[in-house]
Amino acid sequence: MRMLLIGTAALVAIAAAGPACAADREPVVVPDVFTAPPAFPARREPAVIPDVFAPPPAFPAVKLYDWTGAYVGINAGGGFGRAPWTSTPDVTSGTSSVSGALVGGTLGYNLQTREPLVLGLEADLAWSSIRGTVPPFSCAPNCEVNEPWLATARLRFGYAFDTIMPYATVGVAIARLTADITGGPFGTEGKNNLGWTAGAGVEFVLWGPWRAKVEYLYADLNGFSCNVACGGGPISINVQESIIRAGLNYRIWVR
């Protein structure tokens with residue numbers, strides 16, 4: 001009798017455990033030709049929690065400003081300098097000062113060969129009011145020296161710090177130089193002189209295609225002789241000047 005009770009209890013326990021085990025098992029899906037295959041659960045990536053010793057995530061590289069392209073612009077400023085002179089008739093010489101304003105236009109092209117080096121070519125033409133007086137006795141009361149216009153063609157060598165580029169520049173300068181006795185009846189004599197120029201500046205991006213610059217140039221315009229217009233002369237006059245100006249450029253082409 002005792003053995004019968006033990007067997008009955010075992011059968012009841014097995015019967016109760018059966019449904020629980022079945023509940024723990026995933027149902028078996030048997031696909032057929034009309035049933036889509038079961039979806040697979042999405043794979044969960046392990047969460048990464050940085051600590052004080054872990055480096056911060058890398059940021060994408062920021063594209064730097066590209067200086068390559070052509071541009072046009074305007075510039076304005078002032079010039080001052082000296083005009084050494086020699087008068088043959090009265091065997092005198094000296095140095096006079098010259099000064100005035102300049103306003104003109106600019107055309108240029110930059111090529112960013114290797115970051116951050118920039119090679120450029122720039123040309124400009126400016127109206128000028130630079131003038132001074134030369135006082136030899138043979139040119140009484142005074143000979144007036146004028147520079148009606150000034151043009152330069154220069155190479156620029158820049159080093160770009162993203163949107164700011166300091167540069168050095170060197171090239172040729174061409175100017176119209178004239179002289180005459182102030183109020184005299186003998187007209188004006190002049191010459192288109194070829195000289196050289198060198199200087200430095202800094203250019204920076206304002207917004208979009210607009211850029212601004214500030215630069216210094218030294219120009220040696222060589223000399224010319226004034227004869228009849230300076231009382232018979234000859235009076236040899238040289239012009240050497242420093243120019244400080246600001247400019248506004250607009251980039252018209254981008255590679």
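The values are calculated or read from the model by the stated rules, or taken from the named source; none is laboratory data. The shown structure was predicted, so the numbers you read here are calculated from the model rather than taken from an experiment. In this analysis, Cβ positions are derived from the backbone assuming ideal geometry, glycine residues included, and neighbour counts consider all displayed protein chains.
Rundown of residues vs (1) modelled with pLDDT of 95 or more; (2) assigned to a strand (DSSP E or B); (3) basic (Lys, Arg); (4) farther than 14 Å from CYS226 by Cα, yes/no style:
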| position | (1), (2), (3), (4) |
| --- | --- |
| LEU107 | yes, yes, no, yes |
| GLU122 | yes, yes, no, yes |
| TRP149 | yes, yes, no, yes |
| THR178 | no, yes, no, no |
| GLY184 | no, no, no, no |
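Residue check: is GLU203 in contact with a Phe, Trp or Tyr (Cβ under 8 Å, 6 or more places away or on another chain) and under 23 Å from SER93 (Cβ atoms)? Here the answer is no, as GLU203 does not meet what is asked.
The residue that is surrounded by the fewest Cβ atoms within 10 Å (Cβ to Cβ), counting only those in segment 132-156 that are of a type in the set (A, V, I, L, M, F, W, C) and within 21 Å of the chain's Cα centre (by Cα), is LEU155.
Go through the residues of segment 212-222 one by one and say whether even a single one is surrounded by fewer than 17 Cβ atoms within 10 Å (Cβ to Cβ), assigned to a strand (DSSP E or B) and in contact (Cβ under 8 Å) with a residue 40 or more places away in the chain. Within segment 212-222, one or more residues are surrounded by fewer than 17 Cβ atoms within 10 Å (Cβ to Cβ), assigned to a strand (DSSP E or B) and in contact (Cβ under 8 Å) with a residue 40 or more places away in the chain. Consider segment 197-255 and keep the residues that are within 23 Å of the chain's Cα centre (by Cα) and among the charged types (D, E, K, R). The one that is modelled with the lowest pLDDT is ARG255. Going by the structure shown, is TYR159 surrounded by 15 or more Cβ atoms within 10 Å (Cβ to Cβ) and hydroxyl-bearing (Ser, Thr, Tyr)? Criteria not met by TYR159.
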